[in-house]
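Shown next, in structure tokens, is the structure this report addresses.
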Amino acid sequence: MSWTKSPNQNFTKDNRGWPKGERRKWTKEDEKRIRKIYKQLKNDPYQFYTGATAIEQEWRRRYPEIQPPPLRTIGRIMADLKLSGKRRKDRHKGAARYLCYPEYTIYTLLGGRVLESDFIGKKYITGRTEPLNFIAFSFKKEPKLRYFKRISSQTADEFIKYSKLFFRKFEKPDFIKVDNSLATIGSASGKRNISKAMKFLLENQVIPIFAVPRKPFSQASIEGNNSVFSRKFWNRIEFKSVKEVDEKLEWFNKASERYLNYQRPPKEKSKKKNFIPKIYFIRQVKEDKEKTEKAFIDILNEKVFLPKSYINYFVLTEWNLRQEMLYIYFEKEQNPKMIKKLSFKINQKSKERCTDFI
């Protein structure tokens, strides 16, 4: 082209309009403000968050007349000032997508607020041999929230007690996603039972969703929040007493609520009239190598067989308790398709205890 042949071109000239190595808009004064805010947040015992979002929030409080840089720019300035650590990439996301994890169905198509909950254990403080246990709650979607409480033990009673507390203090979700611990799913041998935790949730019109067994990434939101709990709270402070743990955990919860800008939604006045009691199970299809060599999933200690082509893929199973039917869905490119349905009778003793909602 003719412009590339012009003899008047000077490729060494810098026409950017601002000095090389300097930011186009944000000044050294802005950098000083960011460094100052960071240091003060880090040294304040009531503050637990020091990243770009926390700095932007604090900037707006301190300098309301000065527009803060965009979040990405704050992050870059912090990196340049060596104030931020490296983010860990989630190595499981690609595998989950490839194996058709039903993320879109759970968080979009089911149509409601999904709360995640998990136990955190094996925490110790100096001079105490007895471990401390905690329960974590997390909303992945807006309005986001993370909340932690110390509990006496990882039991169904404690799960119910602190779920009630969470529902009163914040909001009652449409669904709650939990792991497959005995405290939540119940018996390790009994078949088609409705556990104590399930019964409590369904009586409160909250539908349980059970995550994939032994696959922590299927609880990615709550596992991520448990990591935040460790990094920003537990590993940051050397606790000397249980009383100090409880006191500073309340500080941490308040800081988290403020950091995520959680706004409690309006309270519902009455129960839903059209509520259908259901339980969902996310499962990875396995091969029954020892006996039939067929593909199967385990639902409440019952093997449900599927075509072998689904081995290793994820499926979402819906147990409709009114119909006593099981529906199994496979999600591909955000499009769930029912691949099997079958009769799935409730254990008779469970059924007798659950007449309020069945």
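The values are calculated or read from the model by the stated rules, or taken from the named source; none is laboratory data. Note that the structure is a prediction, hence the values are computed from the model and not measured. We place every Cβ from the backbone using ideal geometry, glycine too, and count neighbours over all the protein chains shown. We work out accessible area using only protein heavy atoms, side chains counted, and drop any ligands, DNA or RNA first. Shrake-Rupley method; radii C 1.70, N 1.55, O 1.52, S 1.80 Å.
Odds and ends about this structure:
- Some residue of segment 234-242 being part of a loop (DSSP other than H, G, I, E, B) and surrounded by fewer than 12 Cβ atoms within 10 Å (Cβ to Cβ): yes
- Among residues of segment 26-62 being of a type in the set (Ser, Thr, Tyr) and exposed (fewer than 13 other Cβ atoms within 10 Å of the Cβ), the one that is farthest from the chain's Cα centre (by Cα) is 27.
- Considering residues of segment 307-358 that are free of Cβ contacts under 8 Å to residues at least 40 places away in the same chain and of a type in the set (Gly, Ala, Ser) only, the residue nearest to residue 210 (Cα to Cα): 343
- Subset of segment 90-129 [at pLDDT below 90, out of contact with any Asp or Glu (no Cβ under 8 Å at 6 or more places or on another chain) and not charged (D, E, K, R)]: 92, 94, 95, 98, 99, 121, 127
- Matching residues in segment 273-299 - criterion: being farther than 23 Å from residue 99 by Cα, touching a residue at least 24 places away in the same chain (Cβ under 8 Å) and not β-branched (Val, Ile, Thr): 275, 277, 278
- Residue 221, sole failed condition from (1) at pLDDT 95 or above; (2) crowded, with 17+ Cβ neighbours inside 10 Å; (3) in a helix (DSSP H, G or I): (1)
- In segment 187-205, the residues that are in contact (Cβ under 8 Å) with a residue 40 or more places away in the chain and outside any helix (DSSP H, G or I): 187, 188, 189, 190, 191, 192, 193, 194, 205
- Evaluation of residue 265 against the conditions (1) open to solvent by 40 Å² or more (accessible area, probe 1.4 Å); (2) not in a loop (DSSP other than H, G, I, E, B) shows that the sole unmet condition is (2).
- One residue stands out among those in segment 128-162 that are of a type in the set (Lys, Arg), in contact with a strand residue (DSSP E or B) (Cβ under 9 Å, 6 or more places away or on another chain) and not in a helix (DSSP H, G or I): the one that is farthest from residue 225 (Cα to Cα), which is 150.
- Single residue of segment 329-355 satisfying the filter (surrounded by 13 or more Cβ atoms within 10 Å (Cβ to Cβ) and within 15 Å of residue 110 (Cβ to Cβ)) that is nearest to the chain's Cα centre (by Cα): 331
- Count of residues meeting criterion [at pLDDT below 95, open to solvent by 70 Å² or more (accessible area, probe 1.4 Å) and not acidic (Asp, Glu)] in segment 140-167: 2
- Checked against (1) touching a residue at least 60 places away in the same chain (Cβ under 8 Å); (2) aliphatic (A, V, I, L, M); (3) part of a helix (DSSP H, G or I), residue 125 passes all but a single condition, namely (3).
- Of residues in segment 306-320 being closer than 16 Å to residue 332 by Cα and under 22 Å from the mean Cα position of the chain (by Cα), the one most open to solvent (accessible area, probe 1.4 Å): 313
- For segment 178-200, a residue qualifies if it is surrounded by 15 or more Cβ atoms within 10 Å (Cβ to Cβ), more than 17 Å from residue 154 (Cβ to Cβ) and in contact with a strand residue (DSSP E or B) (Cβ under 9 Å, 6 or more places away or on another chain), and the qualifying residues are 192, 194.
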